[in-house]
Structures are given as C-alpha cells and as structure tokens.
1. Just checking, which of Thr311, Thr268 is modelled with pLDDT under 95 and open to solvent by 40 Å² or more (accessible area, probe 1.4 Å)?
2. Can you tell me which residues in segment 127-139 are open to solvent by 10 Å² or more (accessible area, probe 1.4 Å) and in contact with a strand residue (DSSP E or B) (Cβ under 8 Å, 6 or more places away or on another chain)?
3. For segment 246-258, state whether one or more residues are surrounded by fewer than 23 Cβ atoms within 10 Å (Cβ to Cβ), among the acidic types (Asp, Glu) and over 27 Å from Ser134 (Cβ atoms).
4. Would you pick out the residues in segment 176-201 that are out of contact with any strand residue (DSSP E or B) (no Cβ under 8 Å at 6 or more places or on another chain) and either among the β-branched types (Val, Ile, Thr) or open to solvent by less than 10 Å² (accessible area, probe 1.4 Å) (or both)?
5. Tell me, yes or no, whether segment 137-160 has at least one residue that is under 16 Å from the mean Cα position of the chain (by Cα) and assigned to a helix (DSSP H, G or I).
6. Among the strands (runs of 3 or more DSSP E) confined wholly to segment 1-115, which include 1 or more residues that are of a type outside the set (Lys, Arg), in contact (Cβ under 8 Å) with a residue 60 or more places away in the chain and open to solvent by less than 10 Å² (accessible area, probe 1.4 Å)?
7. Would you pick out the residues in segment 51-70 that are over 12 Å from Thr8 (Cβ atoms) and polar (S, T, N, Q)?
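The values are calculated or read from the model by the stated rules, or taken from the named source; none is laboratory data. Not measured: the values here are computed from a predicted model. Cβ coordinates were reconstructed from backbone atoms using ideal geometry, including for glycine residues, and neighbour counts include every protein chain displayed. Ligands, DNA and RNA are excluded from the accessible area calculation, which covers all protein heavy atoms including side chains. Shrake-Rupley method; radii C 1.70, N 1.55, O 1.52, S 1.80 Å.
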Amino acid sequence: MKFLFAGTSRESGGAEAHFVTLTRALAKAGHTVEAVVHPDAPMAQALAGSTVRLHAGRFRNIFDLRGYRATIAAARRLKPDWLVGNFGKEYWPLILIGRLLGIPVALFRHRLKPMNNLSARLVARCAQRFFAVSEYARRDYIGHGMPAERVQVLYNPVDTEQCRPDPALRAALLQQLGLDESAIVLGCFGRLHAGKGIYTLLDAANAAMAQEPRLHCLWLGDGIDTQRLRDSIAASPFAARHHQLGWVADAAPYYNALSILAFPSIATETFGRTPVEAQACNVPVLCSDAFGIPETLQPGVTGLLLPPGDTAAWRDGILALCSDTKRHPMASSARDFVLRHFSTLVIASEFVRQLGGP
C-alpha cells in the first residue's frame, strides 16, 4: 500500500513519536510511505535518512494554504491509498484534500482535550478511519459526542530494536552513575511537572530508601518543575542517591540502567509510551492505576498498578520490586509482552488490516 502522512508539528512529544515510529514501521514492512513535515521540526530530523520520503510543508491552521499546496502536490505525485494525520490542525485540511482528490483519510487522536462541538460530531464521520490510542481514550471521545461505530483503537507502536536489553550498556551506565551491579535503580523519565506525580514518587522513593540501602533513583527529563524538584531532592535525607541527568535527545539507552521504571501520573494520560519502552528493555514498571495507563502493562506479570498520589502505596510498591524474587520474573516477562502487543511489526500490520489492506 501507499501512504502519505501529514504532520507539521514542531514539538517533540508522544504524538510526534507515534508519527515517526508508525511511518518507519510501515516503510520497513514494505509499504511506500511519504510524509509532509515541517522542515525544521524534530520529526523531520528523526526521519532524515530513512526510506520515508519527506516533503516540506506547514499547516499553521485550517486556512494555511502552504500546507494545502505541499500536501496536494505530494498526493498527486504519489497517488496514495490513504492520507494519514496525527494532529488536530491537519484534520480538516486532510479531510478536504481527501474529498478533492478522492483519497480516503485515516486520523489519529492522542489528546483527551475535547474538540469543539462541531468537530467532535463531524470529524470521525468525515474521515474514513478515526483511531484512538487506548480504550480509555476511545470511551472519552465517545462520551464527548463521537459516534462509537466510527472510533477504533490502535496502540502506540514502540521500536523494539531501539528499545532492547543490552547488558554491556547497563554496565557502562551504572559505572557512569558511580553505581555497582548490586544497585536497584528506580527511574522516572519524561516531563517534570507536578501532574506527572513526581512529588509523590520522590516522597515514596525516600521512604523506600530508608528501608532499602541498594535503592537509587534516576530522573531523566525536564519541565516546569525541574528546579523545584532539584531543590526538593537537595533538601531530602537521601539526596546523594538521586541522580538527575536532565533532558537527553534519546532516552532509549538509559532504560538499560534501570531495575524498575515508575510512571506515577496524577494528570490524565491517554496511554503512556514510557512504560512500554521500559518493558521492551526487560524493565518491570510501577504505574498509576488510572486513565489509559493500565493498558500499557500486564498487572502482576510485568509490573504493578498503584493508586495515583498515594505515597504509602507507592513506597510499598517500590519495596515490593526491590525484592529480586519479585522483580526478576517480571523483568523476564516484560519484553515478550511488548513484542506481542506494541511492537512496530504488530501495530503496522494491525493498522493495515483495519484499513482493509492485505
């Protein structure tokens, strides 16, 4: 099949990671894939050098003719079987272009913020396919007026070649952190702000550290609460056992330093890519039992679900996975779970199947 993706976001978040990973997955599966992207965006940089042909384009909003020109020109040349979009500002332009050129349109939505009433009623009806990235998100969209029969679920794909266990890399990272192989490293990766539950995790980790001398915490990422978190760590009794690396362009290698990943969000999450990436590296996870997050793990097998914001429960969860006899079987099961449910091959094949392809 032939696909033309359009996504001119200049951000670097979950929707953008989905765009890059799915286009690469489809190309790797033998499909012809091209994409209209902002030339200066992280997505363009991530796809540079791949087999996905790129076209420079910009959609500031539905009225931006620059995006229409680029997308129409690419579509007329490629003659794709499907137009695919990931971002709200391109929904109506792609629907209009699809109608003009007679090409079906598939749209993904990654946010829970409601669209305006008109779009909520019409977008899923006007596109030939409309995908949520979790069952939780699907229920939310239907609750805000989308027709149930028009909303399908397709999980975020994770590149399991990029995210994979690497014992040699683990040893090097532990050495870089000044830790030995006996250390139990609890990780928190992503945006650092209160809605991500970082203060619950900090308090829980400190309480667990008082009982488990092998426990360390690795913080990777930045955000509006970076300095506040840094100050809170400095004032804590176990400051030396917290390691803040800040923002890194590619977090995938650092999963190998972890014994456990924590995803303690208290703010709404449609899904949760970080826990899936960690499990792909055979790292068991502790996740908030809320929103779309429970769909990212196999509770009791690859990790534990914990009540969001409950410091005592998170302390107990951390201590439970500090036990080698509890943690190691979960680690052994984690990657297989991801390969079966979230690998690029599985998601690309399911996407094509839901579009009616072979």
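1. Details: Thr311 fails: modelled with pLDDT under 95.
Only one candidate passes the filter, namely Thr268.
2. Filtering segment 127-139 down to residues open to solvent by 10 Å² or more (accessible area, probe 1.4 Å) leaves 128-129, 135-136, 138-139.
The answer is Gln128, Arg129, Glu135, Arg138.
3. Within segment 246-258, not a single residue is surrounded by fewer than 23 Cβ atoms within 10 Å (Cβ to Cβ), among the acidic types (Asp, Glu) and over 27 Å from Ser134 (Cβ atoms).
4. Residue satisfying the conditions is Thr200 alone.
5. Taking segment 137-160 as the starting set, the residues that turn out to be under 16 Å from the mean Cα position of the chain (by Cα) are 137, 153-160.
In the following step, the residues that additionally are assigned to a helix (DSSP H, G or I) were identified as 137.
Yes, because at least one residue in segment 137-160 is under 16 Å from the mean Cα position of the chain (by Cα) and assigned to a helix (DSSP H, G or I).
6. Values: elements: 2-7, 32-37, 53-56, 82-85, 105-109.
Passing ranges, in order: 2-7, 82-85, 105-109.
7. The initial filter retains those residues of segment 51-70 that are over 12 Å from Thr8 (Cβ atoms), namely 51-53, 62-63, 65, 69.
Matches in segment 51-70: Thr51 only.
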